[in-house]
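Okay, so here's the structure we're looking at.
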Amino acid sequence: MKPSETLKHIDEIESMHGYDGRYKTVYALVCSLPDKELMQYVETHRFPSFYLKLIARRGLEKLFATRQKNTVSRILKLLALPDCDNKTQLREGLKARYNFVPQVYQKKILRCLLGQGTKKERLWAYTRLRWKWDDSFVPAIVQCFEQYHEIECAWLILDFFPASYVYEHREEFVQLVGWRWVMSSVGKDYPELIDREKLTDAEWVHVVVDLRLMEHKTYIEDYLYRNIASMTDSILCGVYHHDCPMSLRDLPDVNWTVWAMGQMGMADAIFRFQAFDRKFETYVPEDIDDEKRTEMVYPWLCDIYDTFAVGMLDWPSREEKQFSLEQYREARHVFIYGEEGVDSIGGWLIPPTDNRIHETDNENLPF
């Protein structure tokens with residue numbers, strides 16, 4: 001059978017979605033292809049890893065790499081034409097081949113995509129530069145930042161540019177990412193920028209850790225217990241809802257604050273927290289109804305409030321705050337059966353991220 005006929009049958013079998021054996025059959029047929037047709041098939045099917053292994057077993061890596069370099073060079077020339085057609089397909093062809101060409105060609109691809117004028121391509125390039133930064137891209141990134149003022153571009157500059165550039169353009173960066181990241185980025189070189197008053201409590205903890213401001217590390221432990229008290233107060237007041245707490249660690253921001261104490265070498269503070277954490281660790285069965293769960297969780301929250309808010313921080317007592325089981329029960333009822341779209345505290349247990357590029361690549365359609 002001619003290779004062209006085999007490829008035609010492969011396409012037909014791939015479309016037989018009701019045939020469970022199509023994958024193994026297609027794989028066997030692809031293995032039967034001559035070298036040239038095999039490489040063409042891999043290129044037009046988004047470079048699947050199992051077929052790349054087949055190329056390696058045949059000893060075709062160098063020839064395959066040469067094909068990709070030649071194709072990349074051809075695409076770059078086409079995209080440089082003022083009347084270029086099929087730009088979308090050509091750009092996807094470049095991205096599909098990025099991992100299969102030498103570094104010098106990868107740089108050419110990145111420079112091309114940064115200059116394409118489309119945000120999709122810029123974001124793709126920003127992501128690759130974050131994975132492997134190269135100082136030669138400083139002028140291109142400066143041009144992108146000055147032209148588009150994109151937050152994804154700002155993250156690259158904050159992480160990889162000289163502090164002097166960030167300091168010079170600090171007001172622009174503050175507008176995009178906030179003071180916390182500007183201070184963390186250049187605070188060591190420009191300590192006069194560090195200003196507690198411009199930050200939230202959580203942001204200040206981050207800056208203390210980022211810049212290793214050892215003289216302020218005790219603030220982290222203070223923040224931990226004030227946050228526990230504040231969150232417990234909010235839950236008892238019905239401002240926030242907590243589905244099924246089992247430990248202090250379940251409360252928002254607790255885990256990352258303990259992590260922060262570890263980063264600052266605060267072993268004694270961690271041991272103090274561990275004692276509280278062990279004391280308040282509890283278990284609420286999953287197979288009980290909401291009413292029973294409420295009756296179990298409420299006294300647990302009250303104990304935490306009495307320990308931290310009243311005993312440690314001298315806040316008003318529960319009686320003065322007029323907390324009650326009925327109030328807590330009603331708040332849970334409103335949350336569970338009330339407005340849609342309200343997030344539970346359980347969704348806040350992930351430590352704060354830096355909101356940087358977390359890209360899931362779109363499907364690459366090879367040229």
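The values are calculated or read from the model by the stated rules, or taken from the named source; none is laboratory data. Here the structure is a predicted model, which is why all the values come from computation and not from measurement. For neighbour counting, all protein chains shown are included, and Cβ atoms are generated from backbone atoms with ideal geometry for every residue, glycine included.
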Check whether at least one residue in the range 139-147 is surrounded by 15 or more Cβ atoms within 10 Å (Cβ to Cβ), modelled with pLDDT of 95 or more and within 27 Å of TYR223 (Cβ to Cβ), and report yes or no.
no
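I need the helices (runs of 4 or more DSSP H) fully contained in the range 85-194, keeping only those with at least 1 residues that are of a type outside the set (D, E, K, R) and over 25 Å from the mean Cα position of the chain (by Cα).
It comes to 87-97, 103-114, 138-148, 163-168.
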What do you reckon, is GLU320 acidic (Asp, Glu), more than 26 Å from VAL208 (Cα to Cα) and in contact with a Leu (Cβ under 9 Å, 6 or more places away or on another chain)?
no
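On the given criteria, is ARG74 basic (Lys, Arg), under 22 Å from VAL104 (Cα atoms) and either more than 36 Å from the chain's Cα centre (by Cα) or not in a helix (DSSP H, G or I) (or both)? Steps first, answer last, please.
Values: basic (Lys, Arg): yes; under 22 Å from VAL104 (Cα atoms): yes; either more than 36 Å from the chain's Cα centre (by Cα) or not in a helix (DSSP H, G or I) (or both): no.
Taking the combined requirement at face value, the residue does not satisfy it.
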Residue in the range 43-60 that is nearest to LYS108 (Cα to Cα), counting only those that are among the charged types (D, E, K, R) and out of contact with any Leu (no Cβ under 9 Å at 6 or more places or on another chain):
GLU43
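Looking at the range 207-214, is at least one residue out of contact with any Gly (no Cβ under 9 Å at 6 or more places or on another chain) and part of a helix (DSSP H, G or I)?
Within the range 207-214, the first condition is being out of contact with any Gly (no Cβ under 9 Å at 6 or more places or on another chain), and the residues that meet it are 208-209, 212.
Right, trim to part of a helix (DSSP H, G or I) and you get 208-209.
Yes, because at least one residue in the range 207-214 is out of contact with any Gly (no Cβ under 9 Å at 6 or more places or on another chain) and part of a helix (DSSP H, G or I).
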Complete set of residues in the range 1-44 that are surrounded by 13 or more Cβ atoms within 10 Å (Cβ to Cβ), closer than 21 Å to VAL101 by Cβ, free of Cβ contacts under 8 Å to residues at least 40 places away in the same chain and of a type outside the set (Asp, Glu)
LEU38, MET39, GLN40, TYR41, VAL42
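Would you list the helices (runs of 4 or more DSSP H) that sit entirely within the range 252-311 and hold 3 or more residues that are in contact (Cβ under 8 Å) with a residue 12 or more places away in the chain and farther than 19 Å from ASN227 by Cβ? I'd like the intermediate steps shown before the answer.
Numbers: elements: 254-263, 267-280, 290-304.
It comes to 290-304.
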Can you find even one residue in the range 58-65 that is closer than 29 Å to ARG122 by Cα and within 35 Å of the chain's Cα centre (by Cα)?
yes
